[in-house]
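Have a look at the structure below, then the notes.
The values are calculated or read from the model by the stated rules, or taken from the named source; none is laboratory data. Remember, it's a predicted structure, so these values are computed and weren't measured experimentally. Neighbour counts are summed over all protein chains in view; Cβ atoms, including those assigned to glycine, are modelled from backbone coordinates with ideal geometry.
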Ligand SMILES: [Zn+2]
C-alpha cells in the first residue's frame, strides 16, 4: 500500500454525510494529509446554516495536525467526497490554499492529489504561483 492509498484509506471512513443538528451538516467531504514528520491527520468538512462557520475538510485536517502534533508542514494531501479524486474534484479552495501557505510557506511544495487512479499530483506552488505572502510577511522580534 503506497502512501496515497494509506491517506485514502485513512479518510474514507469519515465520509458519511449527515445533519449533526438543524444547523450543522458534516462529513460530506473528507481529507487526509501526511505531515513533515510522516504522521497522518484527517478531517471532514463542517457546514453551518449561516455559512460563516464553514470549515473545509482540508483546514480541519490542517488544524488536527497543528493541535495534536504541533506541526505546520504538509508533505501531501488528498480530499474527496464519496470516491477518490479524479480530475480537479479534489482541489483545495482558495481559503485552504491560503491557510496551507500561511501556516508554513514551505507548503508551496505540498503535493496535492489530482487523479488518484494515475497518481497525478500538483504542487501548491503550481496552484498559487504569485502568492502575496512573502511580500506581506510580518517580521517577528523573538
Ligand atoms: Zn477549502
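Key figures for this structure:
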quantity: Every residue from segment 78-96 that is within 14 Å of the ligand (Cβ to nearest atom) and out of contact with any strand residue (DSSP E or B) (no Cβ under 6 Å at 6 or more places or on another chain); calculated: 80, 88, 89, 91, 92, 93, 94, 95, 96
quantity: Inter-residue pairs, beta-carbon under 8 Å, first within 22 Å of residue 137 (Cα to Cα) and in segment 88-104, second near the ligand (Cβ under 7 Å from one of its atoms) and outside any helix (DSSP H, G or I), 6+ apart; calculated: 93/56; 95/56; 96/56; 100/92
quantity: Neighbours by Cβ (under 9 Å, 6+ apart or cross-chain): first from segment 47-59, more than 15 Å from residue 19 (Cα to Cα) and in contact (Cβ under 8 Å) with a residue 60 or more places away in the chain; second part of a loop (DSSP other than H, G, I, E, B) and within 13 Å of the ligand (Cβ to nearest atom); calculated: none
quantity: Residues located in segment 64-77, provided they are surrounded by 15 or more Cβ atoms within 10 Å (Cβ to Cβ) and either closer than 16 Å to residue 27 by Cα or more than 14 Å from the ligand (Cβ to nearest atom) (or both); calculated: 64, 65, 66, 71, 72, 73, 75, 76
quantity: Residue 101 vs. criteria at pLDDT 95 or above, over 28 Å from residue 17 (Cβ atoms) and within 16 Å of the ligand (Cβ to nearest atom); calculated: yes
quantity: Count of segment 37-61 residues which are touching a helix residue (DSSP H, G or I) at 6+ places or on another chain (Cβ under 7 Å), part of a helix (DSSP H, G or I) and more than 17 Å from residue 6 (Cα to Cα); calculated: 1
quantity: Any hit, segment 62-72, residues being within 22 Å of residue 129 (Cα to Cα) and over 9 Å from the mean Cα position of the chain (by Cα); calculated: yes
quantity: Odd one out for residue 26 among (1) away from the ligand (no atom under 13 Å from the Cβ); (2) assigned to a strand (DSSP E or B); (3) under 21 Å from residue 123 (Cβ atoms); calculated: (3)
